[in-house]
Amino acid sequence: MDKKTALSHYLECERMLNTFFEEVNYCLPNCISQEKGKMYHEHVGFVRGDVGCCTFNYHASTHSIIGCLDVLIEERGDSIPTNTEEEIEGVGQPCDYHTSDGCLLTEYKGPLCLGAICDEQKNYIKGWFGIKYNSDYVIEQLERILNGTTSSENIIEFKKEILKNIEVVKRVKEYSTK
Ligand code: SF4
Ligand code: SF4
């Protein structure tokens, strides 16, 4: 698969995952708006809420496929901002793109940014919506899409799974407000 096609599939998956997590609506009320968030660090406990889990430059990190971010970074076409955020004691500087208003990137985020969530949110998704969310699986699919090493059939299947999860969340929410 050529790079442009791979990137366009990736960006579509990004939008779909954004919709999924917007529907779940866990991070803002339970972490980002709280003094202490859900990200646990072994040396300092739960880190400050507004940072969420953006405690590291995950936009530039990969899970298993080295080099899969090249096309993303190239097409993103910006320069990495200078981080002026206050350091988290015992943890270090939050991600370069993190600000008090959230992430500066509205799209072209890395697979780890899009796919990784904390255990608390996984438990919530399982408990409320019956969905077993698997971060490793989602990140792997995103990396393989970016890298152009997955088949069109797999991409279609992956998108279907996200869409199905969005529908499940919407249905459960509708049902619980009746
Ligand atoms: S995934 Fe967890 S730690 Fe990260 S922002 Fe959401 S609630 Fe916070
Ligand atoms: S790029 Fe955005 S989502 Fe990713 S780690 Fe940085 S602040 Fe968080």
Breaking point among (1) assigned to a loop (DSSP other than H, G, I, E, B); (2) modelled with pLDDT under 95, for Leu72 | (1)
Output the residues belonging to segment 29-48 that are in a helix (DSSP H, G or I) and within 14 Å of ligand 2 (Cβ to nearest atom).
-> Cys31, Ile32
Within segment 84-106, can one find any residue that is within 15 Å of ligand 2 (Cβ to nearest atom), assigned to a loop (DSSP other than H, G, I, E, B) and at positive phi?
-> no
Is one or more of the residues making up segment 126-148 over 19 Å from the mean Cα position of the chain (by Cα) and modelled with pLDDT under 95?
-> yes
Residues satisfying the stated conditions in segment 114-130, i.e. of a type outside the set (D, E, K, R), in a helix (DSSP H, G or I) and within 10 Å of ligand 1 (Cβ to nearest atom) | Gln121, Tyr124
Please indicate, with yes or no, whether at least one residue in segment 59-70 is more than 11 Å from ligand 2 (Cβ to nearest atom), surrounded by fewer than 15 Cβ atoms within 10 Å (Cβ to Cβ) and within 20 Å of Leu17 (Cβ to Cβ).
-> yes
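The values are calculated or read from the model by the stated rules, or taken from the named source; none is laboratory data. Keep in mind the model is a prediction, meaning the values are calculated, not measured. Glycine gets a Cβ as well: all are built from the backbone with ideal geometry, and neighbour counts include every protein chain shown.
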